[in-house]
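Derivation of every value follows stated rules applied to the coordinates shown; laboratory data play no part. Computed from a predicted structure; not experimentally measured. Glycine gets a Cβ as well: all are built from the backbone with ideal geometry, and neighbour counts include every protein chain shown.
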Amino acid sequence: MTKPPFVSHEKLLEIVRSHPTPFHLYDEAGIRATARAVNRAFGWNAGYREYFAVKANPNPVLLSMLKEEGCGVDCSSLTELMLAEAAGFRGGEIMFSSNMTPAGEFVYARGLGATINLDDFTHIDFLEACAGIPETVCCRYNPGAFHIGNSIMDGPAESKFGFTRRQLAEGFARLRGKGARAFGLHAFLASNALSEGYYPALARLLFEAAVELRDETGIAVSFINLSGGIGIPYRPGEEACDIELIGESVREAFHDTLAPAGMQDIALCSELGRFMLGPHGCLVASAVHRKDTYRHYIGLDACAADLLRPAMYGAYHHMTVSGKEGLPADHVYDVVGSLCENNDKFAAGRALPEIEPGDLIVIHDTGAHGHSMGYNYNGRLRAAELLLREDGSVARIRRAERPQDYFATLSETECYPRLLALAQRR
Ligand SMILES: *Cc1c(COP(=O)(O)O)cnc(C)c1O
């Protein structure tokens, strides 16, 4: 089963002449095409907007590109709000879906006029005390049970997020008492759902809850946020979700539940991250070492600091050896990074063509939750980010980290000037 990369071997050879590995490479044409497909799929709903989940890939060049495609942003922290503001997003174009939120972040979000999505009943009074209750506010629902799910966020009763059903009714009434006038309902119940049934099932659950809540409290929500969670085919042979079919099935649920209740003016939102960008990025690394002991290892110049998902979740990322896509996969390797942790393996026991030092290894589907999940363990410095433009040119949209970046937060003790001097000598 083949799964070709979005960048050809010839193009990669050209790119590495001016940009050393490792780097994440993003595909502008693919990103724009997906944004358009999503907007088309939900275009039947007059108020629909996709709020791209910034945590999936917080590069402002990509955020601006999504803004051009009509998307808003979903932020979850102070720095993400700052990125949104700097990229030109304003007011209702910003969703703030955070949890265990520090007071200063509510204040900042209020200042931007972002739509605040509360994660807990107690956050109502907390928000009132620190930033005041806005006219428009959203609440995150945790139904406790939901029968479509997968391993990352399975069983909502086990998840730390959201209000219970009873807290929602009390919360809406309490918010209204404190001056809120427009309400939203949100839930996020599965991550990387490859089933086209996930979004429609979630939508139906939220639509039914909205009708019940109106009947109980007299409050009719004005928007429903279906959040993220639509999956992508990380493995060869997995089918990509048909977003048009998902949009159509959500429309059916809308007409079955909200239309008969006279609530057809409700606007829908999504906060997709992985689906928007995941397939449109890859991590390009060079094979540096080959080691044969009880297993056969290929050591790369990238490591889990650049892409944490395999080490953190045992996540599968497809891998191709650039220029050797057509060769038989007759060698079995552990393809690893340099961290002093045995889980720093991009692939374990993976059948690949024979790899030689110098080969370019393309690790697929790193456009979402890739670079952004990186860290600096072992003092490893994170890779650069490049954008393959629609016209075939390549722009560097984030440089690789330097030793100076790693040392920048240290207190200025005696050692500090020596470190900076050493870093500058590199
Ligand atoms: C992570 C997250 C998303 C995006 O999830 P994907 O799986 O990337 O679609 C959306 N909303 C919230 C609140 C999140 O935490």
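Take a quick pass over the chain and tell me how many lysine pairs come in under 17 angstrom between Cα atoms, counting only ones 8 or more apart or on separate chains.
Values: K3/K324; K11/K324; K55/K67; K291/K345.
Going through the chain pair by pair, I get 4.
On alpha-carbon atoms, Rg over Rh for the stretch 25-278 using Kirkwood Rh? Numbers along the way, then the final one.
Numbers: Rg = 17.1 Å, Rh = 18.2 Å.
A ratio of 0.94.
Where the convex hull is taken over the Cα atoms of the stretch 279-407, what is its projected area averaged over directions, in nm²?
8.5 nm²
Counting other C-beta atoms within 10 Å, and keeping those with at most 10, which DSSP coil chymotrypsin sites (Phe, Trp or Tyr not before Pro) do you find in the stretch 289-371?
Y294
Counting DSSP beta bridges in the chain, what percent are antiparallel, to the nearest 5?
Numbers: 26 of 61 bridges.
Just about 45 percent of them are antiparallel.
Tell me the trypsin sites (Lys or Arg not before Pro) within the stretch 294-354 that lie in a loop according to DSSP and have at most 14 other beta-carbon atoms within 10 Å. The partial results should precede the final answer.
Values: sites: R295, K324, K345, R350; in loops: R295, K324.
Answer in residue order: R295.
Rounded to the nearest 20 debye, what is the charge dipole size of the chain about its Cα centre when +1 sits on each Lys and Arg Cβ and -1 on each Asp and Glu Cβ? Before the final figure, lay out the partial values.
Working: 41 positive and 53 negative charges, 168 e Å.
The calculation lands at about 800 debye.
Quick one: net charge of I230's neighbours, Cβ under 12 Å, K/R +1, D/E -1? Walk me through the numbers before you get to the answer.
Numbers: positive: R274; negative: E50, E196, D242, E271.
So the surrounding residues net to -3.
What do you get for GluC sites (Glu not before Pro) in the stretch 173-250 restricted to DSSP loop and a cutoff of at most 14 other Cβ within 10 Å of the site's Cβ?
Numbers: sites: E196, E208, E212, E216, E238, E239, E244, E248; in loops: E196, E238, E239.
The qualifying sites are E239.
If one computes the Cα centroid of the stretch 46-89 and of the stretch 159-213, what distance in Å separates the two points?
Cα centres, the stretch 46-89 to the stretch 159-213: 22 Å.
Positive end of the charge dipole of the stretch 279-407 (Lys, Arg +1 and Asp, Glu -1 on Cβ, about the Cα centre): tell me which of V332, G379, L283 has its Cα farthest that way.
Value: G379.
What percent do you get for the relative contact order of the chain when only Cα pairs under 8 Å and 6+ apart count? Spell out each step's value before the answer.
Values: 886 pairs, mean separation 76.7, N = 426.
The normalised contact order for the chain reaches 18 percent.
Counting other beta carbons within 10 Å of each Cβ, put D265, D344, D292, D365 in order, fewest first. Walk me through the intermediate numbers first.
Working: D265 12, D344 22, D292 7, D365 27.
Fewest-to-most Cβ neighbours within 10 Å comes out as D292, D265, D344, D365.
Quote the charge dipole size of the stretch 25-278 about the Cα centre in Debye, to the nearest 20; the model charges only the Cβ of Lys and Arg (+1) and of Asp and Glu (-1).
Values: 21 positive and 32 negative charges, 95 e Å.
It comes to approximately 460 debye.
Can you name the helices of the chain, as whole DSSP H runs, whose Cα span along the helix axis is 27 Å or more and whose Kyte-Doolittle mean is not below -1.0? Please list the in-between numbers first.
Numbers: long enough: 198-217 (28 Å, 0.07).
Taking the DSSP H segments of the chain (at least 27 Å long, mean hydropathy at least -1.0), we get 198-217.
What does the convex hull of the Cα atoms come to per residue for the stretch 195-353, in Å³?
Numbers: hull volume 23.2 nm³, N = 159.
Hull volume over Cα atoms, normalised by residue count, gives 146 Å³.
Once you sort the root eigenvalues of the Cα gyration tensor of the stretch 1-45 as a ≥ b ≥ c, which label holds: rounded (a/c under 1.5), prolate (a/b larger than b/c) or oblate (the other case)? Could the numbers behind the result be given before it?
Numbers: a/c = 3.86, a/b = 2.34, b/c = 1.65.
Prolate is the answer for the stretch 1-45, as a/c is 1.5 or above and a/b outweighs b/c.
Taking a ≥ b ≥ c as the square roots of the Cα gyration tensor eigenvalues, with a/c under 1.5 meaning rounded and otherwise prolate when a/b beats b/c, else oblate, which class fits the chain?
prolate
Please list, short to long, the whole-number percent of alpha-carbon pairs of the stretch 179-249 in consecutive 5 angstrom bins beginning at zero.
That works out to 3, 15, 22, 20, 14, 10, 7, 4, 2, 1, 0, in percent per bin.
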